[in-house]
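Working notes, structure below.
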Amino acid sequence: MCGIAGYVSADQHEFHVESSHRFVRPIQYRGRDDRGEWSDGKHVHLFHSRLSIVDLRDGHQPMSDIDGYLTIVFNGEIYNHVELRTEYARQGARFRTHSDTEVILEGYKLKGRRVVDDLIGMFAFALWNAVNKELFLARDRLGKKPLYWFEFNEDFYFSSSILSFTSLQGWNGSFSKTALDFYSAVGSFLRDRTAFKQGRALPPGHTAVVRPGQRPEVSRYWQFDFTSKARISEAAALEEYEELLTDAIRIRMRADVPIALTFSGGVDSGTIAAIASNHLNTALTCFTVDYHTEKEPSEETVVARDVAAHLGLAWEFLHFDYREALLPALDKVLQVVDQPCNNMVISYSAQLYQTIGCHAKVVLSGNGADELFLGYDGNEVLRRRDTACMNYLPRQLSFLANLFSTKRTAPRVLAEYQCEYVRGHLCNHADDQDPEEVIAELSTEIEAAGISSYADLYTFMALAYYTCDGNFRVPDIAGLNAQVEVRSPFLDHRMVEFAARLPTKLKVGAMFNSSRNKLLPKRAYERRVPSSIAWARKKGMGWNIRYGDSIALDPVFRQEYEDALNRIADAGLDTDRYRSAWERFSQDKRNGVTYPAGGGLVMGGFMLGRWLRHHADAAGVGTVR
């Protein structure tokens, strides 16, 4: 886990020392164990900040291959590097380290750009080929690791953080209002877009080739695919699920440093703990964070304690006072957040990872399981909706029936359904991208994934957009800021592909009983814990309830929220939606509603404004190289 940065230029030049320092400073929090840089003296310069996890002695970067014509900077982990090392060695590869970084180099020599097909892990890397005079960029399938670029004249810059570009000549820091509108609607940015007009992201599941003085050539190597539904029994699906998850955990426990587990005692973290202990002979120390006092006990904390005891695991608890500590902790971590983050979980996650960092350098997480296997309360509605469409479409759903009668496919219908929602959040900005172009791109993405049910549409949108901050950016940024690497077995791309093949009935076991949501994982969990634990109703994290209750009536937070809205207005964005959401949220809380419908938009607006308070001014400052 590291930070990477660099540039490719048509003309020979070098950064001045001070300019170089400003360029790499935003990635240094990501790895404080080691730093390195390399230049060919002509066209390319690479920088690296390392958090040492595998091959602590010989994993220094930038790393060149044994023949000296390939050089790489790599952020992430290749979990199957042991198997690939054996496979590549049989094909003639030579190794001088035990690092997964060198496995990428040797794999590239054997397979070229298709090496990414072999990699199981989370990664973003830049590999300079001195023979072909080209830089090869790659990003993992789900986008767990960030990779951004900025072009000016004939110079191409890349980095793990957009903030690297703010010191460069040509960077003006202009926000893309259309991109921020899209972000407010779905919680992430579209494909290669960022919060800034000039900043671009390499999309998840894509590679790019950059030659000096030329535009990047971008190619897709992986995408979500819901087209092939398996005809499989529950018993067979359960065995495949357990086999996949066990292997995903096994290879994520490869590290030359101590490993821990974030733990709620629920299905996901509980299953990881049980498999690690019972099948892989590793008892992971479990860590839970919540607000828990004698007067205000947290139900989730009690469950986590009891399940850890049942599994015979060491358990550590971190009490976090949301009312007192949330905003100070939030402001501290936002200093390194390079784009808006709509998930306030980043605040207490930062505290949790800081605590874990005293005990372990790698932490496993149950992230992603609810999105893959439909584990949230309310997901049962998706099965009802899909069943209604199949059984009664011709007679009762006239709108959809008319669409189908004009030869439109199910993916097209569902794309239009999703896009209509997003369209309602986009405004026409004269100096920005046409909203209809954005809608067209999103529609194309949904159709290409072969989505033919509301259940699959939910999973796609959740993993591609809605939960990107919670599942990917929060663990990446907050974890690395605490010098902890977060690994998520459920987000193994093989598990994602398996879940995409499953029929909805194996995820949602009943149409009117939310406790049967996430059916397959609960079947697996009940093999390891009492049924009363495995089939318990999903509980919200304590902070969602407690902090929501407190801020609705808290004049201090109301003042902070107003400041956030003012920051949004200063950026030229509409604040009416956030203000209306706040009024509804506060009223619902006064009426005793636990999870008001507008809570997500309220927090999204607050987090956007809070981020702007830290970064709006700095983003527009440009200095000469």
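A short reminder: the numbers here are calculations on the coordinates, not readings from a lab. The structure displayed is predicted, hence computed values, not measured ones. With ideal geometry, Cβ positions are generated from the backbone for all residues, glycine too; neighbour counts draw on all protein chains shown.
Summary table
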quantity	calculated
Dipole magnitude (debye, nearest 20) for the stretch 553-617, charges at Cβ of Lys, Arg, Asp, Glu	220
Ellipticity estimate at 222 nm from DSSP helix runs (n ≥ 4, -39,500 (n - 2.57)) divided over the chain, nearest 500	-13000 deg cm²/dmol
Segment LYS332-VAL593, extension gain: residue separation times 0.36 nm, minus the distance between their alpha carbons	90.9 nm
HN-Hα J in Hz across the stretch 488-502 - Karplus 6.51, -1.76, 1.60, θ = phi - 60°, x for Gly and Pro	10, x, 5, 9, 4, 5, 5, 5, 4, 5, 5, 4, 5, 7, 6
For peptides 75-87, 326-338, 116-128, 294-306, sequence by mean Cβ density within 10 Å, most packed first	116-128, 75-87, 326-338, 294-306
Cα-based equivalent ellipsoid, the chain: semi-axes from gyration tensor eigenvalues, Å	36, 30, 27
Only Lys, Arg (+1) and Asp, Glu (-1) charged, at Cβ; the chain dipole about Cα centre in debye	1140
All lysines inside 18 Å of LYS133 as judged from Cα atoms, apart from same-chain residues fewer than 8 positions distant	LYS42, LYS109, LYS111
Spin-label proximity, VAL257 to the stretch 127-141 - amide N less than 13 Å from point 7 Å beyond Cα toward beta carbon	none
By average C-beta atoms within 10 angstrom, highest first, the peptides 200-206, 29-35, 346-352, 473-479	473-479, 346-352, 200-206, 29-35
Residues in the stretch 306-335 that a label on HIS359 would reach, taking backbone N under 16 Å of a point 7 Å out along Cα→Cβ	306-320
Dipole of the chain, positive end: most advanced residue of MET344, TYR525, PRO204 [Cβ charges, Cα centre]	TYR525
In nm, spacing of pseudo-spin labels at ASN428 and ASN281 (7 Å Cα→C-beta vector)	6.9
Over 23 Å (Cα to Cα) - which of LYS229/LYS505; LYS361/LYS518; LYS144/LYS538; LYS145/LYS229; LYS177/LYS589 fall in this group	LYS361/LYS518; LYS144/LYS538; LYS145/LYS229; LYS177/LYS589
Length gained when the stretch ASP576-ASN172 is fully extended (0.36 nm per residue, less Cα-Cα span)	142.7 nm
Length gained when the stretch PHE95-ILE66 is fully extended (0.36 nm per residue, less Cα-Cα span)	9.7 nm
